Amino acid sequence: MLESAGDSSENAASILRCFAIDTIDAERGVLAGRSSSAYVIGLLQQAPIPAFAINRQKKLHQVNQEFMQLLRVVSGDPTQRVQADIVQLTLETPIEELFQQLSEANSAYTNYSIRLDSKQRRGRAKLVAVPPTPAQILVGYIVS
């Protein structure tokens, strides 16, 4: 009978270990999804201020609806349909320097310039790095 109790206690321990591993793996999966660049850029789309995602090659990766509205204001015609791919966004701080700053801090600020045809707007943006590390995409929020 003692041997029988020993076997069932081993089975119980095994069941508990499997349960713990399955639970941890499920939680890890949720956290991994939240740290993906696609998830973070999806959050960018919900920002209540103009926002953009830019990669190391200085290409706009994504913009939100508020950014598109800002482009219409820059164009001088709020009803005009503006294509984000004809916009020239220039950051005052070199992109690699921004990536370096953001590897050491949570956020960085830089001046920007948006050029659309012959019209231009200047202002300030707050930038954050998009996971995973090392970051390949920055998200910028237009603050002025």
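Quick note: the coordinates plus some simple rules give every number you see, no bench work behind them. Because the structure is predicted, anything quoted here is derived from the model rather than measured. Every residue, glycine among them, receives a Cβ derived from its backbone with ideal geometry; neighbour counts consider all protein chains shown.
Values as computed for the structure displayed
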{"quantity": "Computed over the chain, Cα set: Rg, Dmax in Å", "calculated": "23.7, 90"}
{"quantity": "Over the range 55-131: Kirkwood hydrodynamic radius from C-alpha pairwise inverse distances, Å", "calculated": "13.5"}
{"quantity": "Contact order relative to length of the chain, as percent, for alpha carbon pairs under 8 angstrom and 6 or more apart", "calculated": "21"}
{"quantity": "Structure-based [θ]222 nm, the chain - -39500 (n - 2.57) summed over DSSP H runs of at least 4, per residue, nearest 500", "calculated": "-14000 deg cm²/dmol"}
{"quantity": "Most mobile of Ser113, Ser75, Ser14 in a GNM of the chain (Cα contacts under 10 Å)", "calculated": "Ser14"}
{"quantity": "C-alpha long axis of helix 95-104 to longest principal axis of the chain, angle in °", "calculated": "40"}
{"quantity": "Cα long-axis angle, helix 65-75 against the chain (0 to 90 degrees, to the nearest 10)", "calculated": "10"}
{"quantity": "Among Leu127, Leu43, Leu98: highest mean-square fluctuation, GNM of the chain, C-alpha pairs under 10 Å", "calculated": "Leu43"}
{"quantity": "Where trypsin sites (Lys or Arg not before Pro) fall in DSSP loop in the range 58-144, at most 14 other Cβ within 10 Å", "calculated": "Lys58, Lys59, Arg81"}
{"quantity": "Sites Ala105 and Val30, calculated FRET efficiency, Cβ-Cβ separation with R0 25 Å, nearest 0.05", "calculated": "0.40"}
{"quantity": "Unit charges at the beta carbon, dipole of the chain: most positive-side option, Leu91, Leu44, Ile137", "calculated": "Leu91"}
